[in-house]
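S.K.: First the structure, then my questions, so here it is.
The values are calculated or read from the model by the stated rules, or taken from the named source; none is laboratory data. Keep in mind that this is a model prediction, so the values were computed, not measured. Cβ: placed from backbone, ideal geometry, glycine included. Neighbour counts: every protein chain shown.
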Amino acid sequence: MALSVDGLNTIDARETTAAAARKWVLGPYETVTITGWQTSRIEARRFEFTTEARSYGQALGKTANLGVISAVFFKERVSTLRPDTSNDQAGRRAPAPRLSAPAEHEAATAAAGGDKKARDEYAATGMGRRTGHAVTQVWLDLEDAPVQTVNIRYEFHPQLVRLGILPPTPTADPLQRREHAQGFEPGFCPEPPRQR
């Protein structure tokens, strides 16, 4: 599976075609959670939803595809694996990484800030904290054409409302609120939450 976030490969941050990209290897019916940018054979940096200005793509100067997650799946042509040749000087391309074990899932969330700021900000993905994520590298002979492609566009709530994907939050009219006000409510005075 070639996986890109904001147009950047999650293994090496390169902008390539899916066929040329380094890929994650999954067995039949296997699932895995990729939680971050792979920064070495043993470590990743967590995906962190943030603004375009604070994104990993902006830090690398690669902002053309912010807000898109793409997964492209290929089948293996031959079921035999070749040994790791990443240190071979014969000019062979680097092998694709294989997950040694699924990573634990941790949802990434971000607050866009105040109302005006939230309307002017667009979602992107940054680099979060370091996490252990050991991988091994293998060489696979894959079919040329993908068997499935999944593209996900993500955005902050105010932009989803502007796009018509989510309904707008109803705003209370202060005058109407005051028109429906009553003088007395039954019961006693509640204590404020901080003083209990």
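S.K.: With respect to the numbered conditions (1) crowded, with 17+ Cβ neighbours inside 10 Å; (2) closer than 25 Å to ARG46 by Cα, which one is the sole condition not fulfilled by LEU140?
M.R.: Failed condition: (2).
S.K.: Do the conditions hold for ALA13, that is, is it in contact with a helix residue (DSSP H, G or I) (Cβ under 7 Å, 6 or more places away or on another chain), within 22 Å of LEU66 (Cβ to Cβ), assigned to a loop (DSSP other than H, G, I, E, B) and in contact (Cβ under 8 Å) with a residue 12 or more places away in the chain?
M.R.: yes
S.K.: Quick check on segment 101-114. Is at least one of its residues at pLDDT 55 or above and hydrophobic (A, V, I, L, M, F, W, C)?
M.R.: Our first condition is that a residue be at pLDDT 55 or above; within segment 101-114, this holds for none.
No: segment 101-114 contains no residue that is at pLDDT 55 or above and hydrophobic (A, V, I, L, M, F, W, C).
The rows are residues; the columns are (1) of a type outside the set (D, E, K, R); (2) more than 30 Å from ARG22 (Cβ to Cβ); (3) at pLDDT 90 or above.
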| residue | (1), (2), (3) |
| --- | --- |
| ARG119 | no, yes, no |
| GLY126 | yes, no, yes |
| ARG129 | no, no, yes |
| ALA134 | yes, no, yes |
| ARG153 | no, no, yes |
| LEU160 | yes, yes, yes |
| GLN182 | yes, yes, no |
| ARG194 | no, yes, no |
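S.K.: Looking at (1) surrounded by fewer than 18 Cβ atoms within 10 Å (Cβ to Cβ); (2) at pLDDT 95 or above; (3) closer than 15 Å to VAL135 by Cβ, which is the only condition GLY36 fails?
M.R.: Failing condition for GLY36: (1).
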